[in-house]
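Novice: Can you read through this structure? Questions will come right after.
The values are calculated or read from the model by the stated rules, or taken from the named source; none is laboratory data. Please read all numbers here as calculations on a predicted model, not as lab measurements. Heads up, the Cβs are rebuilt from the backbone with ideal geometry, glycines too, and the neighbour counts pull from every protein chain shown.
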Amino acid sequence: MRIAEDSRATPSVGELARLNHYSPSRFAHIFAGVTGEPPRRFMVRMRLHHAERLLRDSGMSIGEIAEAAGFRDIYFFSRQFKRYNGLCPTEYRAAARKPG
């Protein structure tokens, strides 16, 4: 819930494990069992979903969106976004804003 509520929050697996009173490896195992993916991948996916919303609904620059979604490096953000969506952020924005 904490990760989904604030995609910019990037707690470590160790922090999340401590909050839930598990060892990091046990927490990661339980997390993957519940969500179907490891904690880090889930966090990146949540951040990318947040970026998708901003690309569709805001006039923010790509750099501002990368920062708002919790990415420190715009180039890393762009690579991750393209890997996940198949389009770079500017292509995604153009496609999302096409009428029709």
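Novice: Considering (1) of a type outside the set (A, V, I, L, M, F, W, C); (2) assigned to a helix (DSSP H, G or I); (3) touching a Gly at 6+ places or on another chain (Cβ under 8 Å), say which one T10 fails and leave the rest.
Specialist: Just one mismatch for T10, condition (2).
Novice: Still on this structure: For R83, state whether it is modelled with pLDDT under 95 and either surrounded by 13 or more Cβ atoms within 10 Å (Cβ to Cβ) or out of contact with any helix residue (DSSP H, G or I) (no Cβ under 7 Å at 6 or more places or on another chain) (or both).
Specialist: Taking the combined requirement at face value, the residue does not satisfy it.
Novice: I'd like the full set of residues that are loosely packed, with under 13 Cβ neighbours inside 10 Å, closer than 30 Å to T90 by Cα and in contact with a Lys or Arg (Cβ under 9 Å, 6 or more places away or on another chain), limited to segment 19-58.
Specialist: R56
Novice: When residues of segment 87-100 are filtered for being surrounded by 13 or more Cβ atoms within 10 Å (Cβ to Cβ) and free of Cβ contacts under 8 Å to residues at least 40 places away in the same chain, how many remain?
Specialist: Qualifying residue count for the region: 5.
Novice: At pLDDT below 95 and more than 25 Å from R40 (Cα to Cα): which single residue out of G100, G70 fits that description?
Specialist: The match here is G100.
Novice: Looking at segment 59-77 only, could you name the residues that are surrounded by fewer than 18 Cβ atoms within 10 Å (Cβ to Cβ), closer than 21 Å to K98 by Cα and in contact with a helix residue (DSSP H, G or I) (Cβ under 7 Å, 6 or more places away or on another chain)?
Specialist: Hit for segment 59-77 is M60, nothing else.
Novice: Next question. Output the residues belonging to segment 41-100 that are among the β-branched types (V, I, T) and within 12 Å of the chain's Cα centre (by Cα).
Specialist: Within segment 41-100, V44, I65 meet the criteria.
Novice: Just wondering, is there one or more residues in segment 44-55 that are assigned to a helix (DSSP H, G or I) and touching a Leu at 6+ places or on another chain (Cβ under 9 Å)?
Specialist: No - not one qualifying residue is present in segment 44-55.
Novice: Right, something else. Pairs under 6 Å by beta carbon, first residue farther than 15 Å from L54 by Cβ in segment 74-86, partner of a type outside the set (D, E, K, R) and surrounded by fewer than 16 Cβ atoms within 10 Å (Cβ to Cβ), six or more apart or different chains?
Specialist: K82/C88
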